[in-house]
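The values are calculated or read from the model by the stated rules, or taken from the named source; none is laboratory data. It should be emphasised that the depicted structure is a prediction, and the values quoted were computed from it without experimental measurement. Heads up, the Cβs are rebuilt from the backbone with ideal geometry, glycines too, and the neighbour counts pull from every protein chain shown.
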Amino acid sequence: MKIKFGFIMFLGAIGGLLFGFDTGIISGASPLIQKELGLDELALGFITSAVLIGSAIGALSIGTLSDKFGRKKLLIFAAILFTIGAALCAVSGNFAFLTVSRIILGLGVGAASSLVPAYLAELAPAAKRGSFGTLFQLLITAGILLAYVSNLGFLNHNIAGITDWRWMLGSAVIPALIMLIGSFLLPESPRFLAAQGDDAQAKAVLDHLREGTGEDADKELAEIKEAAAQPKGGVADLFKVAGPATIVAIGIMFLQQLVGINSVIYFIPNVFTKAFHFTEADAIWVSVGIGIVNFVVTIIAVFVMDRFNRKSLLYFGSVVMAVSLFVLVAINLLTDVSDAGVPTIIFIAVYIFGFAISWGPIAWVLIGEIFPLSVRGAGNSIGSGANWIGNWIVSTFFLVLLSQSGNVFPQAGVDGGNVVLPFIIFGVFAIISIFFVKFLVPETKGKSLEEIESELRAK
Ligand code: BGC
């Protein structure tokens, strides 16, 4: 069946929706799970981070397999993991069962995070690769928003006698099944096909993808074949074959997490109830507002991505994040906690704007673009693995600080002070990220994957 290019890209990116949903849902579901299963803080923290651990494992193990068996088969495999993981979460009866189910779900999330960016980059024409790559992030943010809305919608509604949190976690089965069916409709990546020596099939797919666009599919194929002639390699060959790209991927992914994005995405209701004494319901509404800002700004990012250099957008985002974080710190140090809540919401929104227009999408776009074809799957594995490890570190560290009673920073007055220290640290990383971009990140906008590859090889 011949499906339209835009639709192929949307289906290819749908793993992002599950990534966002399955990581975002726990913020609302966790207090309910804690109550029903009678868990202590430690056990609850473990259930929350089980997805991140699964994701790191999934991300690290899938890439070499995708260089061997193809992108499409593994996208199907990821969709199966998503479906099974979500269904198991919904029927979990105890801590161990739920933890294992969340790890299975994580394997799917991690696999998708390493497969999708490369798949999108390999299908998109060079001039629009930034925008099409940003679709992944757009669907991540849509998934997060959907999760927040589902948290609100199911809360206190035990439909058909089934408890609310089971609906929250189980509702992920629907997008997982859509992804599963969609993945069967996807074409295999022409770059993977060429790397396998199947030039005829690669040409057929490219002709279909470039039909009516005026792009020269034959020229593109010739370039791909040249890149495909390079010897193939696994994770062990990464540093040898693509040292600079590997350093950039690991660095950009760590920094994407160390600027603290998930202290907001995962824990914003906790921050507002614990540090600013908001009611549960008000705090969930704050999270929905933040989810909307995140999603809407990412829509803008889709349109601006191929107009500005990736590096310029990264600088812009780093500066906006650093400034808003330090303003937040100042507000929380200088004002009483009862007055700090609303200005904190405003500057968190500014911070989210800075992230969503730059580091959110570009980190994923870049890891899809910078690796040579011969090790692209393995490279994406390392990059996304770094992202999940960074995510796990920040989430764990942030929760520990947040759960401490009293002040981490006594000048901050009342107990709201415990958000100040992590925000200072995130702000410092936002500044470090400027230097990282300046000295290490290559500009990739508008270049073909093969041009990027030969430039990095020349280095
Ligand atoms: C990050 C996630 C984050 C999301 C927020 C993604 O790019 O990798 O960790 O939750 O953006 O929109």
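So, in the range 286-311, how many residues would count as being touching a Leu at 6+ places or on another chain (Cβ under 8 Å) and not charged (D, E, K, R)?
Going through the range 286-311 one residue at a time, the tally reaches 11.
Tyr315: over 23 Å from Phe154 (Cα atoms), touching a residue at least 40 places away in the same chain (Cβ under 8 Å), among the hydroxyl-bearing types (Ser, Thr, Tyr) and out of contact with any Leu (no Cβ under 6 Å at 6 or more places or on another chain), yes or no?
Answer is yes for this residue.
Just one of Ile292, Ile284 is of a type outside the set (Ser, Thr, Tyr), away from the ligand (no atom under 11 Å from the Cβ), in contact (Cβ under 8 Å) with a residue 12 or more places away in the chain and within 22 Å of Leu399 (Cβ to Cβ); which is it?
Only one candidate passes the filter, namely Ile284.
Please give the number of the condition Thr444 fails out of (1) in a helix (DSSP H, G or I); (2) under 21 Å from the mean Cα position of the chain (by Cα).
(1)
Can we say Leu328 is closer than 13 Å to Val420 by Cα, in a helix (DSSP H, G or I) and either within 16 Å of the ligand (Cβ to nearest atom) or not aromatic (Phe, Trp, Tyr) (or both)?
For Leu328, the condition - closer than 13 Å to Val420 by Cα, in a helix (DSSP H, G or I) and either within 16 Å of the ligand (Cβ to nearest atom) or not aromatic (Phe, Trp, Tyr) (or both) - is met.
Mind checking which residues of the range 151-181 are within 17 Å of Leu139 (Cα to Cα), surrounded by fewer than 22 Cβ atoms within 10 Å (Cβ to Cβ) and of a type in the set (Gly, Ala, Ser)?
Ser171
Against the condition in contact (Cβ under 8 Å) with a residue 24 or more places away in the chain and more than 16 Å from the ligand (Cβ to nearest atom), how does Phe347 come out, does it pass?
no
One line per residue, one yes/no per condition, for (1) surrounded by 20 or more Cβ atoms within 10 Å (Cβ to Cβ); (2) among the small types (Gly, Ala, Ser); (3) within 16 Å of the ligand (Cβ to nearest atom):
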{"site": "Leu11", "(1), (2), (3)": "no, no, no"}
{"site": "Gly15", "(1), (2), (3)": "yes, yes, yes"}
{"site": "Gln34", "(1), (2), (3)": "no, no, no"}
{"site": "Leu39", "(1), (2), (3)": "no, no, no"}
{"site": "Leu44", "(1), (2), (3)": "no, no, no"}
{"site": "Ile47", "(1), (2), (3)": "yes, no, no"}
{"site": "Gly54", "(1), (2), (3)": "yes, yes, yes"}
{"site": "Ile76", "(1), (2), (3)": "no, no, no"}
{"site": "Val91", "(1), (2), (3)": "no, no, no"}
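What is the residue count in the range 246-270 for residues that are in contact with a Leu (Cβ under 7 Å, 6 or more places away or on another chain) and over 30 Å from Asn380 (Cβ atoms)?
The qualifying residues number 1.
Please count how many residues of the range 347-394 are of a type in the set (Phe, Trp, Tyr), modelled with pLDDT under 95 and buried (at least 24 other Cβ atoms within 10 Å of the Cβ).
Residues in the range 347-394 being of a type in the set (Phe, Trp, Tyr), modelled with pLDDT under 95 and buried (at least 24 other Cβ atoms within 10 Å of the Cβ): 1 in total.
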